[in-house]
Amino acid sequence: MDKETAEALTRTKALYDAAAVLETQHWWRTLCMASLAAALAPPPPVRIGYVTDIEGNLDYFRRYVRASGVLRFDDDAETELRFADDGCRFVFGGDAVDKGDGDVRLCRMLADLSDRYGRDRVALLVGNRDLNKLRFTAELSPEALATPPEAVPGPHWDDAAPRLADYLKSKSLDDSRANRLRWMLEHTLGCPGTFEFRRAELKQLRNGADVTDDDVVDSCVGEVLPGGALRAYLERASVAARFGSTLFVHGAVDAQTAGFVPDKNTRFRVGRHGDAGFPPTKSFMGERDVDAWVRDLNALLAWGLEDHLARPTFAADGSRGGDCLLALQNRCAVWGRSVVSNCYADGGNVDSRSAMTRRARIWAAVREGASTGAYDARAFEASTKYTSDARDPAVHAWLRRSGVKRVVVGHRPVGDSPALLRAAAGGVEVVMADTSFADVAAPDKRGASLVVATFEGDDLERTATRIVGSRADGASYEVRVPAPGDDADADDVLGTVDADGWWCKARCEDGFLFSRGDGRKVEYDLRPP
């Protein structure tokens with residue numbers, strides 16, 4: 001008996017046992033038996049596997065692969081990926097690095113998968129955490145290190161962050177490459193643990209040999225240059241990818257990002273009047289259809305990576321190669337038009353009342369700025385807690401005109417299970433699947449949680465959404481939604497919101513899981529079926 005057959009029989013037995021144990025609960029028994037039938041049936045012709053925001057957590061990614069049904073490991077060491085069958089495709093939603101000790105190995109694994117099957121079956125998206133590492137070559141160069149700490153500016157999007165000189169003084173640290181990198185990671189990149197995570201990974205890759213601070217810096221810089229695993233990932237990646245009627249981006253397709261492509265000369269700094277994205281009230285949806293937009297975004301990525309190699313350090317005017325890509329992932333550099341870093345979701349859900357209130361207030365200030373000229377490019381930054389409108393009818397109409405019926409994103413954490421907007425509620429289905437903060441008490445912030453998202457059907461134009469997984473407490477859940485436009489099924493409450501602001505997220509053993517919240521605060525309610 002081969003490995004795949006043995007695994008299928010094991011899953012089948014587990015489903016059968018679950019149905020038997022729960023036979024007194026009629027609806028759950030019915031669901032289990034339906035799952036049993038599905039397990040025994042041949043897979044549908046098309047399956048798109050999706051996972052996002054792994055952020056270097058290699059253990060979590062391996063758990064995902066084992067459960068995915070789309071990918072499998074081809075070796076005992078679990079380093080080589082293969083598709084389960086010829087109908088499979090895979091999308092990695094971005095943010096491959098930063099918060100675990102598997103950055104290098106994960107990027108190698110994903111780049112290798114792309115090389116093996118090609119971009120028509122494997123889409124690797126760029127997230128903000130992937131693109132912003134291009135900063136290392138300029139900001140840790142010998143020329144930059146010669147600049148006194150007092151003259152090194154803080155992050156232009158966060159006035160509250162400590163400057164380099166203050167950081168070094170507060171910690172009694174000398175001005176070294178390693179300490180500048182530590183400051184960058186903690187106060188400009190939001191990943192204070194990355195330095196030691198990289199040291200731990202290098203030690204594993206070097207069979208336990210000692211790893212110095214300089215080794216860590218050399219690795220971080222080298223990873224974005226030819227021969228580096230992150231560089232290999234970026235060169236095979238896309239800003240946006242489309243498989244049939246489903247569009248994938250890391251951040252959000254909203255009224256600000258839809259159709260917008262930054263100019264090649266866009267700088268990584270606070271946006272200025274006259275920039276390509278100015279003013280923030282202008283819409284770009286009339287200038288490009290979805291496919292042209294995707295093509296032009298991906299062309300910008302390819303050009304920006306070549307520019308980064310040609311000019312990896314600062315020029316006399318403060319510019320550097322790849323500036324447009326650093327701007328692409330920085331909201332205030334592009335006047336709130338970052339398809340990589342804009343985001344839906346608040347309180348673990350598609351939207352919340354507080355998010356709608358903040359959104360209205362911020363746009364009112366922007367409109368006032370239209371009459372006074374007092375635009376602030378940081379109006380849509382994370383510090384304002386701005387979230388995009390996932391239900392914007394104009395954006396949905398623009399997407400549908402090009403045949404897009406579903407948008408899938410990551411970037412913003414949505415609790416311990418994905419957030420869903422049904423197509424019936426807005427015209428386009430929206431799936432948000434970043435659960436990187438599923439269990440904030442766990443060392444890796446994920447705990448027992450797991451998300452396995454698959455889009456499956458007879459062809460790429462008509463795929464249903466199926467998400468299975470476990471919550472932070474280990475309890476299982478499932479989301480099954482027919483292809484957008486198909487008749488609603490018995491669980492048509494999924495992906496909708498009630499009058500009190502509770503969103504229905506998933507079906508669980510004991511009923512339906514609802515949640516609501518504000519920011520990263522999420523409360524849950526389990527209701528009878």
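Read-outs: derived from the displayed coordinates by stated rules, not from any lab. For clarity, every value in this text was computed on a predicted model and none was experimentally measured. We place every Cβ from the backbone using ideal geometry, glycine too, and count neighbours over all the protein chains shown.
Observations, loosely collected:
- Contour excess over end-to-end distance, with Cα ends at Arg82 and Val440 and 0.36 nm allotted per residue: 125.7 nm
- Answer label, with P(r) over Cα pairs in 10 Å bins from 0, in percent calculated from the coordinates and candidates [x] 4, 16, 22, 20, 15, 10, 7, 4, 2, 1, 0; [y] 4, 18, 29, 27, 15, 6, 1, 0; [z] 3, 18, 27, 24, 16, 9, 3, 0, 0: [y]
- For the range 310-434, the square roots a ≥ b ≥ c of the C-alpha gyration tensor eigenvalues yield an a/c of 1.5 or more together with a/b exceeding b/c, which makes the shape prolate.
- Between Asp213 and Arg119, the simple spin-label model (points 7 angstrom out along Cα→Cβ) gives 4.1 nm.
- Arranged from fewest to most other beta-carbon atoms within 10 Å of their beta carbon, Ile362, Ile467, Ile54 become Ile362, Ile467, Ile54.
- The range 76-129: C-alpha gyration tensor shape, a/c 1.5 cut-off, then a/b vs b/c: oblate
- FRET efficiency, 1/(1 + (r/R0)^6) with R0 45 Å, evaluated for Asp158 and Leu460 via beta carbons: 0.65
- Which of Ala423, Ala442, Leu399, positive extreme of dipole for the range 395-445 (C-beta unit charges): Leu399
- As a calculated quantity, the FRET efficiency between Thr496 and Leu309 at R0 = 35 Å, using C-beta atoms, amounts to about 0.15.
- Cα-based helix-to-principal-axis angle, 213-222 vs the chain, degrees rounded to 10: 80 degrees
- Efficiency of FRET between Leu205 and Arg66 - r from beta-carbon atoms, R0 25 angstrom, step 0.05: 0.65
- Relative exposure of Phe61, Phe314, judged by other C-beta atoms within 10 Å (fewest first): Phe314, Phe61
- Between Arg520 and Ala394, the distance separating the two model label sites (each 7 Å from Cα on the Cα→Cβ line) works out to 3.3 nm.
- Tensor-based shape of the range 132-233 (alpha-carbon gyration tensor, a/c under 1.5 rounded, otherwise prolate or oblate): prolate
- Of Tyr233, Tyr375, the sequence from fewest to most neighbouring Cβ atoms within 10 angstrom is Tyr375, Tyr233.
- Note on the range 426-507: Rg/Rh from Cα positions, Kirkwood definition for Rh, rounded to two decimals, is 1.01.
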